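Notes for the one structure printed next.
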Amino acid sequence: MLRFTPVRRPGRAVSAAGAAALLLFTLLAGCGPSEEERTSTARAEAWAELEAAQAALNAKRGELEQLREQAAAPAEGEDAEAPAARVDALDEEIGADGEAFQQKLVNYINEAEWELDGEMNEEQRAAFGMMSGEQMYLAHEYVVKGGDYRRAIEILQRATVNDPDNPDLAARIAEYEADRYITAERLAEVKRGMTEAEVEGVLGKPFHSYVRKFSDENVFAWFYPKDPEQHGSGAAVGVFFNESDRKVYRTDPNAVEGKDEEE
């Protein structure tokens, strides 16, 4: 008996091929990453970008510290204003980069669906640790630029709300608390003939409102607060400079007498 092989119509052949392709696409789609996997990948990529951005930012900050040292003690024959100008330019650049970076980090944190009342997971610890690092740098700038220990400590204390177990935060707060008030022993390290930069190296930069000029005497003075619990409110030591050579000519451990809280 003859057997005939049926001839398929072109239309049916195309339809069958289309059906097969559709089936393959459906199977491939079903094998693709889930929504959770895509979210996890996006978060990992965003975190890698943050780490790279912070590394670049910290490299600039290290360069700024070196420039500040050069500006404080310029090489012989070097224009003293040149390093200072480079410091100002790089400082401004770092400020803009830092603000942009912190905004990205804040967005990263805000986009997460974290339960903040429970124990932190690894991602939370890393993110808040990174934010604490930025807050420590900001606090450092308040101290370096203006001797504002009060503001620096406030910044760090706020950072501990979201990152309470960070040992670096606790250590930095303790350091600033210790350096905030000047003792007679620390003042004794300041010697006659020291420059402003050398005094800053010993006592730190004075807060802007604690600097006074005495034009009649051709001198200016830096005042540093003493511990109010021991010496009363407003007590301060004084470092006095000649206006002519801008070098120390005397110090006074009791330049400003403190007042009791009851007064």
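Each reported figure results from applying straightforward, stated rules to the coordinates on display, with no laboratory input. This is a predicted model, so every value here is computed, not measured. Cβ placement follows ideal geometry from the backbone for every residue including glycine, while neighbour counts extend to all protein chains displayed.
In what sequence do Trp47, Trp222 fall when counting other Cβ within 10 Å, fewest first?
Result, fewest neighbours first: Trp47, Trp222.
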task: Figure the gain on full extension for Glu45 and Arg125 (residue separation times 0.36 nm, minus the Cα-Cα span) and round it to one decimal in nm.
output: 27.1 nm
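Can you give the Rg to Rh ratio for the stretch 136-239, taking only C-alpha atoms and Rh from Kirkwood?
Answer for the stretch 136-239: 1.02.
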statement: The size of the Cβ-based charge dipole (Lys, Arg +1; Asp, Glu -1) of the chain about the Cα centre, to the nearest 20 debye, is 1780 debye
statement: Quick note, the stretch 37-180: a/c under 1.5 would make it rounded; otherwise a/b > b/c is prolate and the rest oblate (a ≥ b ≥ c, C-alpha gyration tensor); here it is oblate
message: Place a point 7 Å from Cα of Glu111 in the direction of its Cβ. Which residues in the stretch 36-79 have their backbone N less than 17 Å from it?
response: 36-54
- prompt: Once the dipole of the stretch 38-170 is set up with Lys and Arg at +1 and Asp and Glu at -1 on Cβ about the Cα centre, which of Asn107, Pro164, Val143 lies farthest towards its positive end?
  reply: Pro164
- prompt: Can you give the FRET efficiency for Ala96 and Tyr249, using 1/(1 + (r/R0)^6), R0 = 35 Å, r = Cβ-Cβ distance, to the nearest 0.05?
  reply: 0.25
